[in-house]
Amino acid sequence: MYLVTGADGFIGSHLCERLNSYVAYDEPFETDKLEKQLELPKAVFHLGAISSTAERNTQELARLNILSSCELLEWCVKHAIPFVYASSASVYGLGNNGFSEDAPLTPINYYAISKASFDMFALQKLKDNPDAKIFGLRYFNVYGSNEGHKGDMASPVHKFTNQATTTGEIKVFEGSENYVRDFISVEDVVDITLAAKDFKESGIYNVGTGDPRSFLDVARIISDHTGAKIIEIPFPDHLKGKYQAFTKSNNTKLLEMCDHTFLTLEEGIARYIDGLERE
């Protein structure tokens with residue numbers, strides 16, 4: 001049996017489809033009661049969190065993304081349970097220091113600060129408990145099915161596909177060819193998340209393809225599948241200076257732990273659209 005937080009979320013729902021036996025466990029976390037009610041799990045997959053990069057309520061971010069995470073972390077260390085948790089590539093900020101796991105972190109919003117803060121707690125806990133099994137996964141730009149509930153936080157793949165199928169048009173910001181991100185299919189993310197519980201070395205790992213593509217590339221691939229017209233719109237003033245222009249996962253450390261072949265952007269989008277057509 002596995003324990004999963006955020007089981008109803010985007011990545012969590014896909015993960016649970018792959019697990020033979022799991023218990024969904026969400027806030028409020030009361031680990032003292034939990035261990036009286038259930039057998040100890042084989043591993044904990046902690047995916048539940050406030051995931052909006054626009055969230056400004058620092059108390060809620062600290063309570064859910066840091067304090068609740070710390071409670072689960074402490075419980076897993078106490079019982080020697082592998083603890084796999086969702087971090088985020090947002091901790092790298094604008095990427096001026098690169099995208100290797102040991103790069104200085106420069107988060108540019110409250111959400112990213114909360115993720116960077118918990119990463120620091122997890123790393124310090126590992127220093128104090130070298131035998132603990134703690135695996136932080138810095139997800140890059142994940143896309144795939146089950147994103148509808150994310151609203152404005154959904155991936156460009158979801159947004160562009162929705163626009164294409166409902167209006168016949170895809171709206172991209174001017175200069176979108178210059179905004180390049182590491183887009184990764186949720187299928188790849190789940191594969192790596194499941195594998196992480198058995199990594200030989202605890203620590204923090206990037207989870208991206210290492211092959212960044214532009215927003216315009218995404219739009220063109222979706223246009224090829226749907227016949228939708230691509231239209232440029234002005235870049236919003238409120239995003240200027242706060243929008244990552246480039247992300248690229250450094251996978252050196254990850255690929256030392258697992259041998260994984262990633263879907264290309266073309267393959268991932270094709271699978272996504274095919275799935276929508278079968279619904």
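The values are calculated or read from the model by the stated rules, or taken from the named source; none is laboratory data. Note that the structure is a prediction, hence the values are computed from the model and not measured. Virtual Cβ from ideal backbone geometry, glycine too; neighbours counted across all protein chains shown. These accessible areas exclude ligands, DNA and RNA; they are computed on the full protein's heavy atoms, side chains included. Shrake-Rupley method; radii C 1.70, N 1.55, O 1.52, S 1.80 Å.
Search segment 69-109 for residues being more than 19 Å from the chain's Cα centre (by Cα) and over 30 Å from LYS33 (Cβ atoms), and hand back the single one that is modelled with the lowest pLDDT. Among residues in segment 69-109 that are more than 19 Å from the chain's Cα centre (by Cα) and over 30 Å from LYS33 (Cβ atoms), the one modelled with the lowest pLDDT is ASN96. Within segment 137-182, the set of residues being closer than 25 Å to VAL207 by Cβ, among the small types (Gly, Ala, Ser) and open to solvent by 30 Å² or more (accessible area, probe 1.4 Å) comprises SER145, GLY148, GLY151. Taking the condition of a type in the set (D, E, K, R), over 22 Å from TYR92 (Cα atoms), within 13 Å of the chain's Cα centre (by Cα) and open to solvent by 10 Å² or more (accessible area, probe 1.4 Å), does GLU187 pass? Yes; evaluated as a whole, the condition is true for this residue. Per the listing ALA270, ALA245, ALA195, the residue uniquely in contact with a Cys (Cβ under 6 Å, 6 or more places away or on another chain), hydrophobic (A, V, I, L, M, F, W, C) and surrounded by fewer than 18 Cβ atoms within 10 Å (Cβ to Cβ) is ALA195. With respect to LEU47, is the statement that it is of a type outside the set (S, T, N, Q) and open to solvent by less than 20 Å² (accessible area, probe 1.4 Å) true? Criteria not met by LEU47.
Number of residues in segment 114-159 that are of a type outside the set (A, V, I, L, M, F, W, C) and over 30 Å from TYR272 (Cα atoms): the value is 11. Restricting segment 110-136 to residues that are over 13 Å from ILE204 (Cβ atoms) and surrounded by 22 or more Cβ atoms within 10 Å (Cβ to Cβ) leaves a set whose member that is nearest to the chain's Cα centre (by Cα) is TYR111. If you go through segment 39-66 and pick out every residue that is free of Cβ contacts under 8 Å to residues at least 24 places away in the same chain and either closer than 23 Å to PRO82 by Cα or under 16 Å from the mean Cα position of the chain (by Cα) (or both), you end up with 1. Of all the listed residues (PHE235, PHE215), the sole one being open to solvent by less than 50 Å² (accessible area, probe 1.4 Å), out of contact with any Leu (no Cβ under 7 Å at 6 or more places or on another chain) and modelled with pLDDT under 95 is PHE235.
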